[in-house]
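The values are calculated or read from the model by the stated rules, or taken from the named source; none is laboratory data. Every value quoted in this text rests on a predicted model; they were computed, and no experiment measured them. As a convention, Cβ positions derive from the backbone with ideal geometry for all residues, glycine included, and neighbour counts pool all protein chains shown. Each accessible area value is taken on the protein alone, full model and side chains, heavy atoms only, with ligands, DNA and RNA left out. Shrake-Rupley method; radii C 1.70, N 1.55, O 1.52, S 1.80 Å.
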Amino acid sequence: MIFVTGGTGFLGRHLLRALVLQNEPIRALKRLNSKMLQDEFKHGTIEWVDGNILDIPSLEEYMKGCSEVYHCAGMVSFQSRHRAALMKVNVEGTANIVNVALEKNIRKMVYVSSVAAIGRALNEVNVTEATEWDENGVHSNYGISKFLAEREVWRGIAEGLKAVIVNPSVIIGDGNWQEGTPRFFLNGWREMPAYTTGGTGFVAAKDVVEIMMRLMKSEIHRERFILNAEDWSYQKFLFQIA
(Lines give C-alpha, C1' and ligand atoms only; values in the text may rest on other atoms or scores of the structure.)
Protein backbone atom coordinates (compact mmCIF):
# COMPACT_ATOMS: atom_id res chain seq x y z
CA MET A 1 0.00 0.00 0.00
CA ILE A 2 1.25 3.48 -0.95
CA PHE A 3 0.43 6.35 1.39
CA VAL A 4 0.25 9.86 -0.10
CA THR A 5 -0.15 13.16 1.70
CA GLY A 6 -1.18 16.30 -0.17
CA GLY A 7 -3.03 14.30 -2.83
CA THR A 8 -5.54 17.08 -3.52
CA GLY A 9 -2.76 19.64 -4.03
CA PHE A 10 -1.12 20.64 -7.30
CA LEU A 11 1.82 18.21 -7.28
CA GLY A 12 -0.12 15.54 -5.40
CA ARG A 13 -2.72 15.34 -8.16
CA HIS A 14 0.00 14.80 -10.76
CA LEU A 15 1.57 12.12 -8.56
CA LEU A 16 -1.69 10.25 -8.06
CA ARG A 17 -2.42 10.27 -11.79
CA ALA A 18 0.90 8.52 -12.37
CA LEU A 19 0.58 6.11 -9.44
CA VAL A 20 -2.85 4.80 -10.46
CA LEU A 21 -1.31 3.59 -13.73
CA GLN A 22 0.83 1.17 -11.70
CA ASN A 23 -2.31 -0.61 -10.44
CA GLU A 24 -0.96 -0.61 -6.88
CA PRO A 25 -3.24 0.11 -3.89
CA ILE A 26 -3.06 3.76 -2.86
CA ARG A 27 -4.31 5.46 0.30
CA ALA A 28 -4.46 9.25 -0.02
CA LEU A 29 -4.88 11.60 2.92
CA LYS A 30 -7.07 14.65 2.49
CA ARG A 31 -8.50 17.27 4.77
CA LEU A 32 -12.24 17.08 5.36
CA ASN A 33 -12.85 20.34 3.48
CA SER A 34 -10.41 19.74 0.62
CA LYS A 35 -11.62 20.55 -2.87
CA MET A 36 -11.86 17.55 -5.16
CA LEU A 37 -11.99 17.94 -8.92
CA GLN A 38 -15.05 16.09 -10.19
CA ASP A 39 -14.31 12.66 -11.69
CA GLU A 40 -10.56 13.34 -11.72
CA PHE A 41 -9.71 9.92 -10.28
CA LYS A 42 -12.92 8.08 -11.15
CA HIS A 43 -11.01 5.22 -12.76
CA GLY A 44 -8.23 5.07 -10.17
CA THR A 45 -7.73 2.69 -7.27
CA ILE A 46 -7.43 5.31 -4.54
CA GLU A 47 -8.72 4.96 -1.02
CA TRP A 48 -9.37 8.51 0.20
CA VAL A 49 -9.18 9.06 3.95
CA ASP A 50 -10.03 12.21 5.89
CA GLY A 51 -7.40 13.57 8.26
CA ASN A 52 -4.38 15.83 8.32
CA ILE A 53 -0.68 15.65 9.08
CA LEU A 54 -1.19 17.37 12.45
CA ASP A 55 -3.54 14.61 13.65
CA ILE A 56 -1.21 11.87 14.90
CA PRO A 57 -3.91 9.25 15.71
CA SER A 58 -5.28 9.48 12.15
CA LEU A 59 -1.76 9.07 10.74
CA GLU A 60 -1.19 6.02 12.93
CA GLU A 61 -4.43 4.49 11.67
CA TYR A 62 -4.04 5.28 7.98
CA MET A 63 -0.32 4.49 7.62
CA LYS A 64 -0.90 1.03 9.07
CA GLY A 65 -0.17 -1.58 6.43
CA CYS A 66 1.59 0.88 4.11
CA SER A 67 5.11 0.31 2.81
CA GLU A 68 5.81 3.53 0.91
CA VAL A 69 5.09 7.16 1.78
CA TYR A 70 5.07 10.16 -0.52
CA HIS A 71 4.91 13.25 1.70
CA CYS A 72 3.71 16.09 -0.53
CA ALA A 73 1.48 17.97 1.92
CA GLY A 74 2.61 21.40 3.03
CA MET A 75 1.73 25.05 3.23
CA VAL A 76 3.09 27.64 0.80
CA SER A 77 2.95 31.32 1.71
CA PHE A 78 5.33 34.25 1.59
CA GLN A 79 3.29 36.49 3.88
CA SER A 80 4.84 37.27 7.25
CA ARG A 81 1.52 36.82 9.04
CA HIS A 82 1.55 33.13 8.11
CA ARG A 83 4.88 32.34 9.80
CA ALA A 84 3.37 30.46 12.74
CA ALA A 85 1.10 28.40 10.46
CA LEU A 86 4.03 27.55 8.17
CA MET A 87 6.04 26.25 11.12
CA LYS A 88 3.07 24.29 12.41
CA VAL A 89 2.14 22.60 9.14
CA ASN A 90 5.50 22.18 7.44
CA VAL A 91 7.73 21.43 10.42
CA GLU A 92 5.47 19.79 13.00
CA GLY A 93 3.47 18.02 10.29
CA THR A 94 6.62 16.54 8.75
CA ALA A 95 7.89 15.49 12.18
CA ASN A 96 4.60 13.62 12.69
CA ILE A 97 4.93 11.83 9.35
CA VAL A 98 8.53 10.85 10.15
CA ASN A 99 7.65 9.58 13.63
CA VAL A 100 4.73 7.47 12.45
CA ALA A 101 6.77 6.15 9.49
CA LEU A 102 9.40 4.95 11.96
CA GLU A 103 6.74 3.43 14.20
CA LYS A 104 5.07 1.58 11.31
CA ASN A 105 8.37 0.39 9.77
CA ILE A 106 7.70 2.11 6.47
CA ARG A 107 10.06 0.75 3.80
CA LYS A 108 10.84 4.14 2.25
CA MET A 109 9.67 7.76 2.16
CA VAL A 110 10.05 10.45 -0.49
CA TYR A 111 9.72 13.96 0.91
CA VAL A 112 8.93 16.96 -1.31
CA SER A 113 10.91 19.93 -0.07
CA SER A 114 11.85 23.01 -2.12
CA VAL A 115 14.86 24.86 -3.49
CA ALA A 116 13.84 27.47 -0.92
CA ALA A 117 15.31 25.13 1.70
CA ILE A 118 18.75 25.19 0.04
CA GLY A 119 21.37 27.53 1.47
CA ARG A 120 22.32 30.60 -0.54
CA ALA A 121 26.01 31.39 -0.24
CA LEU A 122 26.77 34.92 -1.43
CA ASN A 123 30.07 33.99 -3.10
CA GLU A 124 28.77 30.93 -4.96
CA VAL A 125 27.50 31.20 -8.51
CA ASN A 126 25.72 27.85 -8.48
CA VAL A 127 23.68 26.35 -5.67
CA THR A 128 24.05 22.58 -5.28
CA GLU A 129 22.77 19.92 -2.90
CA ALA A 130 25.97 20.40 -0.90
CA THR A 131 25.43 24.14 -0.35
CA GLU A 132 25.08 24.73 3.38
CA TRP A 133 22.33 26.76 4.98
CA ASP A 134 23.47 30.24 5.98
CA GLU A 135 21.78 31.27 9.21
CA ASN A 136 22.61 34.91 8.42
CA GLY A 137 21.23 34.77 4.90
CA VAL A 138 18.01 36.33 3.68
CA HIS A 139 15.39 33.59 3.79
CA SER A 140 11.61 33.62 3.48
CA ASN A 141 9.52 32.14 6.28
CA TYR A 142 8.48 29.48 3.79
CA GLY A 143 12.13 28.61 3.07
CA ILE A 144 12.93 28.45 6.78
CA SER A 145 9.97 26.14 7.41
CA LYS A 146 11.03 23.78 4.62
CA PHE A 147 14.63 23.79 5.89
CA LEU A 148 13.46 22.87 9.38
CA ALA A 149 11.13 20.23 7.93
CA GLU A 150 14.09 18.70 6.11
CA ARG A 151 15.93 18.51 9.43
CA GLU A 152 13.08 16.36 10.74
CA VAL A 153 13.55 14.02 7.78
CA TRP A 154 17.32 13.84 8.38
CA ARG A 155 16.60 13.12 12.04
CA GLY A 156 14.34 10.26 10.94
CA ILE A 157 17.07 8.97 8.64
CA ALA A 158 19.49 8.97 11.59
CA GLU A 159 16.93 6.90 13.51
CA GLY A 160 16.69 4.30 10.75
CA LEU A 161 14.15 5.64 8.25
CA LYS A 162 14.97 5.11 4.58
CA ALA A 163 14.13 8.43 2.96
CA VAL A 164 15.10 10.68 0.08
CA ILE A 165 14.41 14.41 -0.33
CA VAL A 166 13.62 16.25 -3.55
CA ASN A 167 14.04 20.02 -3.88
CA PRO A 168 12.07 21.21 -6.91
CA SER A 169 12.30 24.72 -8.30
CA VAL A 170 9.05 26.36 -9.52
CA ILE A 171 6.85 23.45 -10.64
CA ILE A 172 4.79 24.04 -13.77
CA GLY A 173 1.90 21.98 -15.11
CA ASP A 174 -1.84 21.80 -15.59
CA GLY A 175 -4.07 22.27 -12.59
CA ASN A 176 -6.57 24.53 -10.87
CA TRP A 177 -5.96 28.02 -12.28
CA GLN A 178 -7.13 29.54 -9.00
CA GLU A 179 -4.30 28.06 -6.91
CA GLY A 180 -0.53 27.83 -6.92
CA THR A 181 1.64 28.09 -10.01
CA PRO A 182 -1.26 27.37 -12.44
CA ARG A 183 -2.34 30.94 -11.65
CA PHE A 184 0.40 31.98 -14.08
CA PHE A 185 -1.82 30.61 -16.85
CA LEU A 186 -4.87 32.44 -15.53
CA ASN A 187 -2.89 35.69 -15.47
CA GLY A 188 -1.65 35.02 -19.00
CA TRP A 189 -5.20 34.38 -20.19
CA ARG A 190 -6.21 37.69 -18.59
CA GLU A 191 -3.39 39.40 -20.50
CA MET A 192 -1.31 40.39 -17.47
CA PRO A 193 0.03 43.86 -18.36
CA ALA A 194 3.45 43.71 -16.68
CA TYR A 195 6.20 41.46 -15.39
CA THR A 196 9.08 41.85 -12.94
CA THR A 197 12.77 41.71 -13.73
CA GLY A 198 14.88 38.69 -12.84
CA GLY A 199 14.05 35.04 -13.19
CA THR A 200 14.09 31.66 -11.53
CA GLY A 201 14.27 27.93 -12.22
CA PHE A 202 11.37 25.94 -13.60
CA VAL A 203 10.60 22.23 -13.80
CA ALA A 204 7.62 20.30 -15.18
CA ALA A 205 5.31 18.57 -12.72
CA LYS A 206 5.40 15.34 -14.76
CA ASP A 207 9.20 15.29 -14.52
CA VAL A 208 9.13 15.83 -10.75
CA VAL A 209 6.67 12.96 -10.39
CA GLU A 210 8.70 10.62 -12.59
CA ILE A 211 11.86 11.31 -10.59
CA MET A 212 10.03 10.81 -7.29
CA MET A 213 8.70 7.44 -8.43
CA ARG A 214 12.09 6.32 -9.74
CA LEU A 215 13.73 7.29 -6.45
CA MET A 216 11.09 5.39 -4.50
CA LYS A 217 11.80 2.17 -6.44
CA SER A 218 15.58 2.62 -6.35
CA GLU A 219 18.03 1.71 -3.60
CA ILE A 220 18.95 5.40 -3.20
CA HIS A 221 18.32 6.94 0.20
CA ARG A 222 19.98 9.37 2.62
CA GLU A 223 20.26 11.90 -0.23
CA ARG A 224 18.61 15.06 -1.53
CA PHE A 225 18.16 16.11 -5.16
CA ILE A 226 17.57 19.54 -6.68
CA LEU A 227 15.01 19.19 -9.49
CA ASN A 228 15.31 21.94 -12.08
CA ALA A 229 14.97 21.91 -15.87
CA GLU A 230 16.01 25.41 -16.91
CA ASP A 231 16.56 28.88 -15.49
CA TRP A 232 14.36 31.37 -17.34
CA SER A 233 13.75 35.09 -16.99
CA TYR A 234 10.22 36.00 -15.91
CA GLN A 235 9.88 37.80 -19.23
CA LYS A 236 10.65 34.65 -21.24
CA PHE A 237 8.39 32.51 -19.09
CA LEU A 238 5.37 34.84 -19.20
CA PHE A 239 5.81 35.57 -22.90
CA GLN A 240 5.87 31.81 -23.55
CA ILE A 241 2.56 31.41 -21.70
CA ALA A 242 1.05 34.36 -23.58
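Remarks
- Mean-position separation - Cα centroids, the range 56-128 and the range 145-195, in angstrom: 11 Å
- Largest first, the residues 189, 232 sort by 1.4 Å accessible area into 189, 232.
- With semi-axes defined as the square roots of five times the eigenvalues of the C-alpha gyration tensor, the equivalent ellipsoid of the range 75-214 measures 28, 19, 16 Å, largest first.
- Residues whose amide H falls under 5 Å from that of residue 27, counting only those 5 or more places apart or on a different chain, are 2, 3, 4, 47, with hydrogens built in the peptide plane.
- Sorted from longest to shortest, the spans of the Cα atoms of the chain along the three principal axes equal 50, 44, 36 Å.
- Convex hull volume of the C-alpha atoms in the range 57-99, normalised per residue: 68 Å³.
- MRE, 222 nm, helices only [DSSP H, n ≥ 4, -39500 (n - 2.57), over the chain, to nearest 500]: -9500 deg cm²/dmol
- Each 10 Å bin, from zero up to the one with the longest distance, holds this percent of the alpha carbon pairs of the range 1-111: 14, 48, 31, 7, 0.
- Ratio Rg/Rh [Cα only; Rh per Kirkwood] for the range 150-242: 1.10
- Across the chain, the longest run free of exposed loop sites, meaning GluC sites (Glu not before Pro) lying outside DSSP classes H, G, I, E and B with no more than 14 other Cβ atoms within 10 Å, spans 41-123.
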